[in-house]
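Since every read-out is calculated from the coordinates, none of them should be taken as a lab result. All values reported here derive from a predicted model rather than from experimental measurement. Heads up, the Cβs are rebuilt from the backbone with ideal geometry, glycines too, and the neighbour counts pull from every protein chain shown.
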Amino acid sequence: MTSSDEKTLKLLVSLSDGAVRLVPFDDSHIEGLRAACAEDEYIWDIYPISMLGEHFDRSVAMLSTMTDYLRFAVLHEDRVVGMTHFLKPDPEKGIVEIGGTYISPLVRGTSFNRIMKTLMIDHAFASGFHTIAFRIDTRNGRSMRAVEKLGARQISILRKDMTTWTGYVRDAALFELKSADWRKGGQS
């Protein structure tokens, strides 16, 4: 195993702060995630994949094959309320993306998302990464505002970034957060 592989694997550990818990995703989380995803049937129109109904099993299976996606179940205490990922970690360049995040309406609008992202950001920086990227569908204003509150800054728009499960060709806003900016108070 190379040092890059070791650095990448160090990202996939359990993280917690109070009731917010992130644990490496395994089959025991599937039914809880299915229930959490069903709590907001309308949000999936702006996601690259659907985690609703007949799409759920296929999407979970597809995510499990993506070796550059480090998958976490997101828990509120012991209840699965969503998922998130470290995406495409590149230890050589010191960059990792946080994405593929869904949290149920139960915990939205609270400090839950901020605590979850803070856990991930702190851990990535402590693991030797210096840049966190966020790639967000430009229709998702709530998520863009949330990463801006973390101190991330938009650096570009990626036109026609991908075609979503609905056939929509989306543009993505690319944000980045540098470790130096995080230490200067981006987390306030």
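Its Cα gyration tensor gives segment 1-106 an equivalent ellipsoid, and the semi-axes of that ellipsoid, as √(5λ) in whole Å with the largest first, are 24, 16, 12. Separation of segment 9-50 and segment 113-188, taken as the distance between their Cα centroids, equals 18 angstrom. For residue 88, which sequence-distant residues (separation of 5 or more, or a different chain) have an amide H within less than 5 Å of its own amide H, given hydrogens modelled in the peptide plane? Result for residue 88 returns 69, 70. The charge dipole of the chain, taken about its Cα centre with unit charges on the Cβ atoms of Lys, Arg (+1), Asp and Glu (-1) only, comes to about 780 debye. Using 7 Å Cα-to-Cβ label points, what is the residue 63/residue 106 separation (nm, one decimal)? In this crude spin-label approximation the distance works out to 1.6 nm. Over the chain, DSSP H runs of length four or greater, each weighted -39,500 (n - 2.57), average out per residue to a 222 nm ellipticity of -7500 deg cm²/dmol.
Under a 5 Å amide H cut-off, with hydrogens placed 1.01 Å from N, residue 158 pairs with 172, 173, 174 among residues at least 5 apart or on other chains. Charged neighbours of residue 32, selected by a Cβ distance under 14 Å, balance to -2 (K, R count +1; D, E count -1).
Positive end of the dipole of segment 1-78 (Cβ unit charges, origin at the Cα centre): among 56, 23, 46, the Cα lying farthest that way belongs to 23.
With a Cα cut-off of under 27 Å and a minimum spacing of 8 residues unless on different chains, the lysine pairs in segment 3-186 number 29. The phi torsions of segment 69-79, fed into the Karplus equation with coefficients 6.51, -1.76 and 1.60 and a -60° offset, translate into couplings of 10, 8, 8, 10, 7, 9, 10, 9, 6, 10, 9 Hz, rounded to whole numbers, with Gly and Pro shown as x.
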